[in-house]
Amino acid sequence: MRRALVGVGGAALLLALASAALLYLRQASGLVGTDLGRVPAPEFTLTDYTGEQLSLTQLRGKPVALTFLYTHCPDSCPLIADQLRRAQDLLGSDNDKVAFVAISTDPRHDDRASVANFSQVHGLEGRWRYLLGSPEQLAPVWKAYYIGVTPGNEMGSSLGDNEVIHSEAVFLIDKTGRERALLGVPFKAQDLAANLRKLTREA
């Protein structure tokens, strides 16, 4: 299932079911990834790194690619950011019809300066909305999207204080605010771009 942290004992069964269902899911939704059934996407209102407030409702009329990152991430988050940028490049003129949104998973260390630097390094400055907040503001959003977040200092000495363990995914939300597909990590920029282009063409 798309919103569960799976234990080792159930992983084999889930993988078997997933492999059997994958082709059906892709054909049923018309999009690459896990079909999310057009359920309403959980609402949020947060502030981006430029100081502007943004709610999901404000993005109605555009498909949204939504992910969860942190700027000091040493591995997967930079890769996700680079794939988002590549997808934007592949969209060409359709890119203006799509919104790319990231929500911080590290309220302790993500701030306007770190996000501005991260955005510049990954070619996303002015091309996405990176939303910040306090732990109290962000935690309900993580929970609504079933994103597990654990700071490194709660995981023992194996992780540094700046590291965060969190769920990795990209949610695709259509122009009416409904969840359409989930792309796990790693994913292909080509698939993300193709999905978003299809969503821009829906009535």
**Message:** Test of understanding: what is the full-extension gain from Asn162 to Arg108, defined as 0.36 nm times their sequence separation minus their Cα-Cα distance?
**Reply:** 18.6 nm
**Complete:** Residues other than Thr47 with Cβ under 13 Å of its Cβ, Lys/Arg counted +1 and Asp/Glu -1, net out at -2
**Fill in**
So for region 65-188, using the alpha carbon gyration tensor with a ≥ b ≥ c as root eigenvalues (a/c under 1.5 gives rounded; past that, a/b versus b/c decides prolate or oblate), I'd call it prolate
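Throughout, read-outs are computed from the coordinates displayed, never taken from laboratory work. Quick caveat, the model's predicted, so the values are computed rather than measured. Virtual Cβ from ideal backbone geometry, glycine too; neighbours counted across all protein chains shown.
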